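Structure, as structure tokens:
The values are calculated or read from the model by the stated rules, or taken from the named source; none is laboratory data. Keep in mind it's a predicted model, so treat the numbers as computed, not measured. Every residue, glycine among them, receives a Cβ derived from its backbone with ideal geometry; neighbour counts consider all protein chains shown. What goes into the accessible areas is simple: the full protein's heavy atoms, side chains included, and nothing from ligands, DNA or RNA. Shrake-Rupley method; radii C 1.70, N 1.55, O 1.52, S 1.80 Å.
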Amino acid sequence: MFRSVARSAAGKHLLRRGYATESVPDRKVAVLGAAGGIGQPLALLMKLNPLVSQLALYDIANTPGVAADVSHVNTRSKVAGYVGEDQLKQALEGCDVVIIPAGVPRKPGMTRDDLFNINAGIVKGLCAAIAKYCPNALVNMISNPVNSTVPIAAEVFKKAGTYDEKKLFGVTTLDVVRAKTFYAGKAKVNVADVNVPVVGGHAGITILPLFSQATPKANLPEEDIKALTKRTQDGGTEVVEAKAGKGSATLSMAYAGAIFADACLKGLNGVPDVVECSFVQSTVTELPFFASKVRLGKNGVEEVMGLGPLSDYEQAGLESLKPELKASIEKGIKFANQN
């Protein structure tokens, strides 16, 4: 009974999200960091996506087991696991979308700079391989800090001569997922009907949910808007504290990553009017990268959309986030150009 109910619910969800039941193009997706806390549930969710025909799971260890486990799920895609740098070429060749949740979690005694240097180094190496083996793939960057890892990726691709700003995305979808959930709870509306744009960056005060543009409209008082904004910005900390230091937001991040990858695949397949928020190269502000609504299509970014009308509170938030976001972008560029 559970299986039939789950299948029915899943089927309705997939149809609601615009999955086609007729024949769709073959698409290869790679998950780099597939044996990690985000990577494993993300691998499962991508296996469930009928738009994926080949799923390549890569990590420095433990991927054969993850791949064997996921491969038993009775969906369209063929799954292969790859371990270590000597197998990275096979994982990447022919990819349409590459999702990067790779990195290490912060450990006791590790400073934020220690964590940055390790994860930035991992991203730099993986992006060099992407430039070599699948330069035309859409790259979905999940590895934190996204405000710095996206600029790192851009610099690596520029050096390799493969950079296409339409094909590099910082995945900020978790901020949107949280904003929708928290808004629906406060406004007492069906979360499935809610839309909330989230702009800026993907850390702390650089996350700016635009609740003034939320639909359906709820006319919440300003103190509620401020509380919702802070909760969205601090969503990651809320999970870390609830897990008592034994984990971070891995499951919700995997879900958000799968939602964004699905949007990219639908865009590649020519589905019209696919719009998601993402941290991309942008002229929306004076900063070189910025998260806002993006229309996705056959070449990746079809249009970087403007911010729309902002409330006074949101305008103030926009101005206050810029210095921190600028510093994070510059930190990434500087790291990428070392050595």
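Once the dipole of the chain is set up with Lys and Arg at +1 and Asp and Glu at -1 on Cβ about the Cα centre, which of VAL70, SER252, PRO221 lies farthest towards its positive end?
The residue sitting most towards the positive pole is VAL70.
Nearest 20 debye, what's the magnitude of the dipole of the range 190-339 about its Cα centre given +1 on Lys and Arg Cβ and -1 on Asp and Glu Cβ?
The dipole magnitude comes to about 480 debye.
Per 0.36 nm of contour for each residue apart, how much would the distance between LYS132 and ASN74 grow if the chain were fully extended, relative to their Cα-Cα spacing?
Working it through step by step, the gained length comes to 17.6 nm.
With a ≥ b ≥ c taken as the square roots of the eigenvalues of the C-alpha gyration tensor of the range 50-102, please select rounded if a/c is under 1.5 and otherwise prolate if a/b is larger than b/c or oblate if it is not?
oblate
Please give, to one decimal in nm, the separation of the simple spin-label points placed at THR162 and ASP113, each 7 Å out from Cα toward the Cβ.
A separation of 3.2 nm, rounded to one decimal place.
With the chain treated as a Gaussian network of Cα nodes joined by springs under 10 Å, which of ILE329, ILE38, ILE118 yields the largest mean-square fluctuation?
ILE118
Just the number please: accessible area per residue for the chain, 1.4 Å probe, all protein chains included, in Å².
47 Å²
Based on the mean of other beta carbon atoms within 10 Å per residue, what is the order of 241-250, 82-91, most packed first?
The most tightly packed comes first, giving 82-91, 241-250.
What size of dipole, in debye to the nearest 20, comes out for the chain about its Cα centre when the only charges are +1 on Lys and Arg C-beta atoms and -1 on Asp and Glu C-beta atoms?
Working: 38 positive and 32 negative charges, 152 e Å.
Approximately 740 debye in magnitude.
Skipping prolines and chain starts, which residues have an amide H placed within reach, meaning under 5 Å, of the one on GLY297, given they are 5 or more residues away or on another chain?
GLU302
Once you have the Cα-Cα distance between LYS226 and LYS188, take 0.36 nm times their residue separation minus that, and quote the gain in nm to one decimal.
Separation in residues times 0.36 nm, less the Cα-Cα distance, equals 12.0 nm.
Would you mind putting 63-76, 168-181 in packing order, based on average other-beta-carbon counts within 10 Å, highest first?
Working: 63-76: 15.6, 168-181: 25.8.
Packing proxy ranking, top to bottom: 168-181, 63-76.
Among ALA187, TYR82, LEU318, which residue has its Cα positioned farthest towards the positive end of the charge dipole of the chain, with +1 placed on the Cβ of Lys and Arg, -1 on the Cβ of Asp and Glu, and the dipole taken about the Cα centre?
Positive-most Cα among the choices belongs to TYR82.
From the phi of every residue in the range 300-314, what ³J(HN,Hα) in whole Hz does the Karplus formula 6.51 cos²θ - 1.76 cosθ + 1.60 yield, where θ is phi - 60° and glycine or proline is x?
x, 6, 9, 7, 8, 8, x, 7, x, x, 10, 6, 4, 4, 5
Write out the cysteines belonging to the chain for which the nearest other cysteine Cβ is not under 4.7 Å, or none if no such cysteine exists.
CYS127, CYS264, CYS277
Label the range 42-184 by shape, choosing from rounded, prolate and oblate, from the square roots a ≥ b ≥ c of the eigenvalues of the Cα gyration tensor; if a/c is under 1.5 it is rounded, and otherwise prolate applies when a/b is larger than b/c, oblate when it is not. Walk me through the intermediate numbers first.
Details: a/c = 1.32, a/b = 1.14, b/c = 1.17.
Taking the square roots of the gyration eigenvalues as a ≥ b ≥ c, the range 42-184 is rounded.
Given a Förster distance of 56 angstrom, what is the FRET efficiency for LYS217 paired with GLN87, based on the Cβ-Cβ distance and rounded to 0.05?
0.65
Identify which of SER320, SER292, SER143 has the largest mean-square fluctuation in a Gaussian network model of the chain, with springs joining Cα atoms closer than 10 Å.
Per the Cα network of the chain with a 10 Å cutoff, SER320 tops the list.
Would you list the P(r) distribution for the range 138-247, with all Cα-Cα distances sorted into 5 Å bins from 0 and each bin expressed as a whole %?
That works out to 2, 12, 19, 19, 16, 13, 10, 6, 3, 1, 0, in percent per bin.
Using the Karplus equation 6.51 cos²θ - 1.76 cosθ + 1.60 (θ = phi - 60°), what ³J(HN,Hα) coupling, rounded to whole Hz, does each residue of the range 229-236 give in order, writing x for Gly and Pro?
4, 5, 5, 5, 5, 9, x, x
What shape does the chain have by the C-alpha gyration tensor, where a ≥ b ≥ c are the square roots of the eigenvalues, rounded means a/c under 1.5, and otherwise prolate means a/b greater than b/c and oblate the rest?
Rounded.
Where the centre of each part is set by its Cα atoms, how far does the range 62-98 sit from the range 212-281, in angstrom?
27 Å
Rounded to whole Hz and in sequence order, give me ³J(HN,Hα) for the range 161-166 from the Karplus expression 6.51 cos²θ - 1.76 cosθ + 1.60, θ = phi - 60°, writing x for Gly and Pro.
x, 10, 5, 10, 4, 7
Can you give the relative contact order of the chain as a percent, counting alpha carbon pairs under 8 Å and 6+ residues apart?
For the chain, the relative contact order is 16 percent.
Mean-square fluctuation check for the chain, GNM, Cα pairs under 10 Å: which of LYS266, LYS132, LYS124 is largest?
With Cα springs under 10 Å in the chain, the top fluctuation among LYS266, LYS132, LYS124 is at LYS132.
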